[in-house]
Amino acid sequence: MAAPSFAASELLTLSSINKRTLILYPKVSSVIRRISTVRALCHSQPQLRAKSAPQQLVGVVGLEIHAQINSNTKLFSGSPVRFSAPPNSLVSFFDASLPGTLPVLNRRCVEAAVMTGLALNCTINRKSLFDRKHYFYADLPAGYQITQQRRPIAVDGMLIYSLLGGKRRSEVIRKKVLIKQIQLEQDSGKSLHDDARSQTLIDLNRAGVGLMELVMEPDMSCGEEAAAAVRELQLILQALGTCQGNMSEGQLRVDANVSVHRPGEPLGIRTEVKNINSVRYLAKAIDYEIQRQIDVLLRGGTVQNETRAYDSKSGETIPMRDKEGLQDYRFMPEPNLPPLIVYEDSASLPTGIDACQAVVVQKIRERLPELPSVKRDRLVQTYGILPEHSFTLVNEDGLVEYFEAVLKATKKEPRNVIGWVTNELLGHLKQQDMSVGQSPVSPSALAELLELQETGHISSSVAKQVFQLMWRSSGKRALQIIQEQDLGLVSDTAQLHSICQKVVDSHPDEVYAIRNGNKKVLNRLMGLVQKETKGRADPVLVRAILQEKTS
């Protein structure tokens, strides 16, 4: 779900920088917070045991996630943000790091970070600081990145996510991962490697785009847990509108820190796995890396502290560079940005400050939408659907709203409607790679079809046939198709008696079995009658007639 659009006024303009700096950045005392860690065990952890080892090796997984803030403009400049724009067409003087240019903080990005922190149960630091992280690369023209290394905007959070477990994967298993911090920072540009000409081209469109870096503690133990946590985070960010979360467009980038150890012993040497561009590949990359490290240790080898990339074609992680020599980023306070101040409520604003120009936590808290976990619980409790169905509804953008719109327009039980939405509707959408909003069958049209089935005008098999025709004939209603195709239920008693007699006469073995107590065979005869009538026979009437003729 996209966030509301923001005009150019979301930037603090240079002409008013002095006045607004006082609003965003008064002095407050600092707070130092301690971070605790908890580790959850994964039921799908690789089960390997060395002959001499008292305990098996288990995986330990932490995540670093960069979420691109859903904002019209960049973090410190007025350049627009747009995916796949022509190279270097969205670059301001500040983005290109021309001498004399100064950063101007985008209030929208600050509000997005605060809202995300609140949704993830974080403590919002009333005072946070910006720092320079120095490193030299072609797509970072300034030679440093503005980030929040010393005191980030949010700390000490927790993400609660759910897995489907049990024999039938219908049991909801709730887990949690602690969030160390959320910090605001700039994105870098993009390097485009031209192997044919042996050169690298630089596109600075992405340089300076606002990011939230979320650092998760190593509380996960396998790829399935990490993938579930990232998917839950993705849904939360989309519900908030703070990040669109499209991993294929780089709006959500995940790096996994993976190590193995025996429970009770110190954590092992970790590797960082990069280049993961989907939730499915994240699970595969982590599980492969855990297994690779276990194999190395069982052979008597040593895991190297290195950065590895995931190759989706081979399903393996491959070395990129070692990390033995610790890089000195030479962090220093950002001299061009004073401390960032946010306020708890309007009452805490200093006298004379316009509340519209300040970031007020209470106002942002009041705008928090219904979060995915709350929505899933509500669906199960309100409509009596299965937990796995609630996951399907919430995971597809707009599907919950579609389901509830159908329920409002039909008397059919929610448990009967859910199958149509998650099987028929969603199946067709997936086949044609369409979103819920692109469905040619509206909620009201589906509700009309279900009402016709509920009131006995058509059978369930014909209802599915009509749905197919409605999908292909966009705009046609169910009743119109039923009348045009003559698909209404056959309820003529004489006609059904004749068809049933024909079926009974041609299947003496089945009739004999029924008369000897095998009542289930009656369903086969009913199927044959439906075949004769192309699914249009009234099933209640057919059953009564067949029971009479086989008694």
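The values are calculated or read from the model by the stated rules, or taken from the named source; none is laboratory data. These numbers come from a predicted model, not from an experiment. Cβ placement follows ideal geometry from the backbone for every residue including glycine, while neighbour counts extend to all protein chains displayed. Each accessible area value is taken on the protein alone, full model and side chains, heavy atoms only, with ligands, DNA and RNA left out. Shrake-Rupley method; radii C 1.70, N 1.55, O 1.52, S 1.80 Å.
When you filter the chymotrypsin sites (Phe, Trp or Tyr not before Pro) in region 303-371 for DSSP loop state and at most 16 other Cβ atoms inside 10 Å of their Cβ, you are left with Tyr329, Phe331. Ordered from highest to lowest accessible area with the whole protein assembly present and a 1.4 Å probe, Arg378, Arg270 read as Arg270, Arg378.
How far is helix 493-505 tilted off the main Cα axis of the chain, in degrees rounded to 10, range 0 to 90? The two axes meet at around 90 degrees. About its Cα centre, the chain has a charge dipole of approximately 820 debye under the convention of +1 per Lys or Arg Cβ and -1 per Asp or Glu Cβ, with nothing else charged. Listed here are the pairs Lys74/Lys363; Lys74/Lys133; Lys313/Lys375; Lys175/Lys363; which of them are more than 25 Å apart at the Cα? Long pairs (Cα-Cα over 25 Å): Lys313/Lys375; Lys175/Lys363. At full extension, Leu102 and Asp505 could sit 135.9 nm farther apart than now, given 0.36 nm per residue minus the alpha carbon distance.
Taking a Cβ cut-off of under 11 Å around Gly250, the surrounding Lys, Arg, Asp and Glu residues balance to a net charge of +1, with basic ones at +1 and acidic ones at -1.
In the context of the full set of protein chains, residues of the chain present 49 Å² of accessible surface per residue (probe radius 1.4 Å, heavy atoms only). Put simply, the convex hull of the Cα atoms in region 391-483 casts, on average, a shadow of 5.4 nm². In the chain, the longest principal axis of the Cα atoms and the axis of helix 539-550 are about 40 degrees apart. With the helix formula -39500 (n - 2.57) applied to DSSP H stretches of n ≥ 4, the chain reaches a computed 222 nm mean residue ellipticity of -10000 deg cm²/dmol. If the Kirkwood radius is taken over C-alpha pairs of region 429-469, then at 20 °C and 1.002 mPa s the Stokes-Einstein diffusion coefficient equals 193 µm²/s. With the charge dipole of the chain set up from +1 on Lys and Arg Cβ and -1 on Asp and Glu Cβ about the Cα centre, the Cα lying farthest toward the positive end among the listed residues Gln438, Val260, Ser92 is that of Val260. Average the reciprocal distances over every distinct pair of alpha-carbons in region 343-460, invert the result, and give the Kirkwood radius in Å. That comes to 16.8 Å for region 343-460. Sorting the Cα pairs of the chain by distance into bins of 20 Å, from 0 upward, gives 17, 41, 28, 12, 2 percent per bin. Each principal axis of the Cα atoms in region 129-231 has its own extent, and those three values, largest first, are 55, 41, 20 angstrom. Each eigenvalue of the Cα gyration tensor of region 269-403, multiplied by 5 and square-rooted, gives one semi-axis; in descending order these are 41, 33, 12 Å.
Split the chain at each of the GluC sites (Glu not before Pro) in a DSSP loop with at most 16 other beta carbon atoms within 10 Å, and the longest piece is 1-323.
Between the Cα long axis of helix 279-298 and the first principal axis of the chain there is an angle of about 70°, rounded to the nearest 10.
The fraction of accessible area contributed by carbon and sulfur in region 109-266 is 46 percent, rounded to a whole number (1.4 Å probe; ligands and nucleic acids excluded).
Normalised by 2.2 N^0.38 Å, with N the number of residues, the alpha-carbon radius of gyration of region 201-331 equals 1.15.
Cα centroids of region 394-426 and region 487-539: 33 Å apart. Sorting Lys190, Lys519 by accessible area puts them as Lys519, Lys190; the probe is 1.4 Å, largest comes first, and only protein heavy atoms count.
Take every Cα pair under 8 Å whose residues are at least 6 apart in sequence, average their separation, divide by the length of region 416-477, and the relative contact order is 31 percent. At q = 0.11, 0.17, 0.20 Å⁻¹, what log₁₀ I(q)/I(0) does a Debye calculation on the Cα points of region 368-522 give, no solvent, two decimals? So the normalised log intensities are -0.58, -0.98, -1.18.
In a solvent-free Debye calculation with one equal scatterer on each Cα, what is log10 I(q)/I(0) for region 158-206 at q = 0.16, 0.18 Å⁻¹, listed in the order of the q values? Once normalised to I(0) and log-transformed, intensities are -0.68, -0.71.
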